[in-house]
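Participant: I'd like to ask some things about the structure below.
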Amino acid sequence: MLGHGRVSMLHFDAHADTGEIEFGSLWGHGQPMRRLIESGALRGDRFLQIGLRGYWPPPETLDWMAVQGMRSYEMTEIGRRGLQDCLTEAFVIAMDECDGVFLSVDIDVCDPGHAPGTGTPEPGGLTARELLDSVRRICLELPVVGVDIVEVCPPFDHADITAALANRVVLEALSAIARRRQDARDGTVWDPSQPLLEGR
């Protein structure tokens, strides 16, 4: 049965969001993934983070993440192995003993040149194209049960660059989920060499 402990997470972010306390509070934008795992709703060993970089979290937080069995694909690994290989590996882990996947996208996973309108920009991230291709692939190949996109900050945006990207992330996710469901009804399999909506 789909539910508590049976959904994995693919989390695109520059930051792990697994802090213990921030500014004296247990709840904030730097702790939601820790609280989620602590709740038992999501298993730590089915929690896969993509795009981490920078100088955070501190060693004690990294130790906690290791104990939970979390898997982080940092930008250094993505650069060395290639994003597609990392995603392929993550898909296998995500679907092991889980019935569905939740996709969480923090817009700061992208380099600030592609998404300046966010509160915690971090150089050296994914390109807009890499993020959109990844979101489309995830929603075509995996049973995605939910999607969110966070950390878009309009006052920090320039010429709506970040807002336009966030909007496109949503559209890519929805169209890919729709195509996956259409193919399931038709008994067909999407050919990745073809446009997503060709003939539809």
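The values are calculated or read from the model by the stated rules, or taken from the named source; none is laboratory data. As the structure is a computational prediction, the values presented were derived from the model and not from experiment. Heads up, the Cβs are rebuilt from the backbone with ideal geometry, glycines too, and the neighbour counts pull from every protein chain shown.
Participant: Given (1) over 19 Å from the mean Cα position of the chain (by Cα); (2) under 13 Å from residue 107 (Cα atoms), where does residue 179 come up short, assuming only one miss?
Facilitator: (2)
Participant: For the structure I just gave you, tell me whether residue 123 is closer than 15 Å to residue 13 by Cα and either crowded, with 16+ Cβ neighbours inside 10 Å or in contact with a helix residue (DSSP H, G or I) (Cβ under 6 Å, 6 or more places away or on another chain) (or both).
Facilitator: When the stated conditions are applied, residue 123 does not pass them.
Participant: It is to be established whether one or more residues within the range 119-137 are in a loop (DSSP other than H, G, I, E, B) and touching a strand residue (DSSP E or B) at 6+ places or on another chain (Cβ under 8 Å).
Facilitator: Yes: the range 119-137 contains one or more residues that are in a loop (DSSP other than H, G, I, E, B) and touching a strand residue (DSSP E or B) at 6+ places or on another chain (Cβ under 8 Å).
Participant: Next up: Return only the number of the condition from (1) within 19 Å of residue 146 (Cβ to Cβ); (2) modelled with pLDDT under 70 that residue 30 does not satisfy.
Facilitator: So residue 30 meets the others, but not (1).
Participant: Output the number of the condition that residue 97 fails; it satisfies all remaining conditions of (1) within 16 Å of the chain's Cα centre (by Cα); (2) within 20 Å of residue 33 (Cβ to Cβ).
Facilitator: Here residue 97 meets the rest and fails (1).
Participant: Still on this structure, I have one more. List the residue pairs whose Cβ atoms are under 7 Å apart, where the first residue sits in the range 75-90 and is under 15 Å from residue 131 (Cα atoms), the second is surrounded by 14 or more Cβ atoms within 10 Å (Cβ to Cβ) and polar (S, T, N, Q), and the two are 6 or more positions apart or on different chains.
Facilitator: 83/134; 87/134
Participant: For the range 39-57, which residues satisfy the criterion of being assigned to a loop (DSSP other than H, G, I, E, B), farther than 23 Å from residue 128 by Cα and not hydrophobic (A, V, I, L, M, F, W, C)?
Facilitator: 40, 43, 57
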